[in-house]
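Derivation of every value follows stated rules applied to the coordinates shown; laboratory data play no part. Predicted model, so just to flag it, every value in this text is computed and none were measured. Virtual Cβ from ideal backbone geometry, glycine too; neighbours counted across all protein chains shown.
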Amino acid sequence: MSKLPKLGFLYLDYVLRFFDQSNFKGWPESIDSVTYHWKNDKERFIKEVKRKKIEILIGNIPATAYDTFVEISKELPNVRFVPSLETQFSNKSKENVTLFCNKYDLSNPYTEIHYNKEKGFEYLKNKAKYPQIIKRSYGASNYGGYYVHKADNFKEAKVLLEKEKYNPIYTQDAIDLKYSGDLRIMLIGHKPVCAFWRFSGEGEWITNTSQGGSMSYENVPMNALELAVEASKAAKAEYWACDIAIDKKNDKAYILECATAFAAFPYIRDWICQYLMWDFSKGKFPMPHVPLFSWEELGKIDPSLLRTLRHIGFSKYKPSCDGTWYLNDKIDEFNMELAELSNPNDVPKSIAFEDLPISEELNKETEQMPDNLEINKINFNNSNLTDIMALHGMEEDLALEIQEYLEDNIITDCSDLLELESIDEQMIKTWDKNIDDMRIDINIADETILTKIKGIGTKLAKIIIEFRNKNKEFENLDQLQKIDGIGKNKLTQLKSRLKIGE
């Protein structure tokens, strides 16, 4: 095999790591990593990439660091960023999604963006067609639908914007959703590899599954796939995801969101990296074979299990006789293919804000150290999804995975979460100061609760309850040593998970 390029992972403190060594299974060379430490770390970061002679740097850029990495990429002209910074343009904001769709004539809901508050209110009062969907334009992409709102009239829109103080005012015509749902479509090499409907929960309008909705992998319409492919090719994206609405009046497809930054299932991350190895090796490694509509079969697997599965593959069909070849993958317009390399002209121009200059505040360095975020301490065992989503580097799928874990377990220490494949010690370290004391009061916990605590189990839970009933309550945790089977090491373990309440 000819010489392979030097690969490096682009990591950022406090941000969830999308790829790691295990995703590049079979890559024969060592893959280095470079971590960006925020604030004034640009020069050091550039020097480290050069020193390690990295030729391809792999990793998504969060919204708050996008502008800085545009500058960094200019200082590293011989380094290929994957995805390219041009491809990640739409990751930065809802505004950029609209600019991207408009530049490439991609179907999206009619949208108005106003930095001038008075002009925004004038539009909402006199011209807008209600209902309007109002979103926070700028910020991290991993908050699901928590900053997406529906206003049925101007009064509701004004009250919302006065309260939230969103700048700019980003407002869209609402699409009358077919089946009261929208679609998430994920693509690799411009080929859809996963697609599913997201339906709103009972009494809700928003289709985000983290807020009570449901999902289905069946009956994904062809025009939604075609629109997603068109957007992926316009972005020149190696991997991509679109949220698409289907208008129930005329079945027309509209892009709601699109980005390279999305919460992908583990097996999709593996497929992405198989594709990247094929790309980086100029075809020496095989391209992944992912049949169209394979998601209908995978969708039969329970979602809680599907989210944890790795190394799912599909063998290519081999005909048993002449003339049967056409039965397999006969929809050839959705073949996986090599993404074009980006160039600076691919990025849409910024909005012309009438005669209003962009404020100094918007021109300032956009990086925000997570230390500046005001996040209340949380206890995983009684937190809701919104609380979990506020943690540094949290993605929606991971938050849902944590909630599923909590159905059968009680977390008394963040280290319990290391049982989940998506969580590592570095992530847990960044959460330390935001996590409350989660130890369980031994004098209050019933047998069911004790059984769910790591290291206790059914038998020991019953013995603890019996001891407590006999002695009224525990005065201190050292009394646990009086129970047969609890030695010094076991006591140390239990002290990290139990407490005596005040």
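Hey, how much of the P(r) for segment 7-82 falls beyond 22 Å, as a percent of Cα pairs? Counting every Cα pair in segment 7-82, those more than 22 Å apart make up 17 percent. About its Cα centre, the dipole of segment 7-82 is roughly 140 debye, where the only charges are +1 on Lys and Arg Cβ and -1 on Asp and Glu Cβ. Amide H to amide H, with H built 1.01 Å from N, Asp182 comes under 5 Å of Arg198, counting only residues 5 or more places away or on other chains. In order along segment 123-128, phi translates into HN-Hα couplings of 4, 5, 7, 10, 10, 5 Hz, rounded to whole numbers, per the Karplus curve 6.51 cos²θ - 1.76 cosθ + 1.60 with θ = phi - 60° and x for Gly and Pro. Per the Debye calculation on segment 376-434 with a single equal scatterer at every Cα and no solvent contribution, log₁₀ I(q)/I(0) for q = 0.12, 0.28 Å⁻¹ amounts to -0.23, -1.63.
Gyration tensor over the Cα atoms of segment 440-499: the corresponding equivalent ellipsoid has semi-axes (square roots of 5 times the eigenvalues, largest first) of 14, 14, 11 Å. Computed over the alpha-carbon atoms, segment 177-318 gives an Rg to Rh ratio of 0.97, Rh here being the Kirkwood radius from the mean inverse distance.
In terms of surrounding Cβ atoms within a 10 Å radius of their Cβ, Asp152, Asp408, Asp41, Asp413 rank from fewest to most as Asp408, Asp152, Asp413, Asp41.
Helical content alone sets the calculated 222 nm signal of the chain at -8500 deg cm²/dmol, taking -39,500 (n - 2.57) per DSSP H segment of four or more residues and averaging over every residue. Quick one: plug the Kirkwood hydrodynamic radius of the chain (C-alpha pairs) into Stokes-Einstein at 25 °C, 0.890 mPa s, and report D in µm²/s. This corresponds to a translational diffusion coefficient of 97 µm²/s. Between Phe9 and Asp32, Ser33, Val34, Ile58, the built amide H atoms are under 5 Å apart, and every one of these is 5 or more places off in sequence or on another chain. Relative contact order, whole percent, for the chain stands at 14, derived from Cα pairs under 8 Å and 6 or more residues apart. Using θ = phi - 60° in the Karplus curve 6.51 cos²θ - 1.76 cosθ + 1.60, the 3J(HN,Hα) couplings for segment 72-87 round to 4, 4, 5, 7, 10, x, 9, 9, 8, 8, 10, x, 5, 5, 5, 5 Hz; x is entered for Gly and Pro.
Panel order for Ile54, Ile428, by other beta carbons found within 10 Å of each beta carbon, from fewest to most: Ile428, Ile54. Counting lysine pairs in segment 177-318 whose alpha carbons fall under 15 angstrom apart, excluding pairs fewer than 8 residues apart on the same chain, gives 5. Once backbone amide H atoms are built at 1.01 Å from N, Ile453 has Ile410 as its partners under 5 Å, excluding neighbours fewer than 5 places away on the same chain. Note that segment 447-462 has calculated 3J(HN,Hα) couplings of 4, 4, 5, 4, 5, 7, 7, 4, x, 9, x, 5, 5, 5, 4, 5 Hz, one per residue in order, obtained from phi through the Karplus relation 6.51 cos²θ - 1.76 cosθ + 1.60 (θ = phi - 60°); glycine and proline are x. Taking other C-beta atoms within 10 angstrom as a stand-in for reagent exposure, Arg310, Arg497, Arg136 fall in the order Arg310, Arg136, Arg497, fewest first. Mean separation of Cα pairs under 8 Å and 6 or more residues apart, divided by the residue count, gives segment 376-434 a relative contact order of 39 percent.
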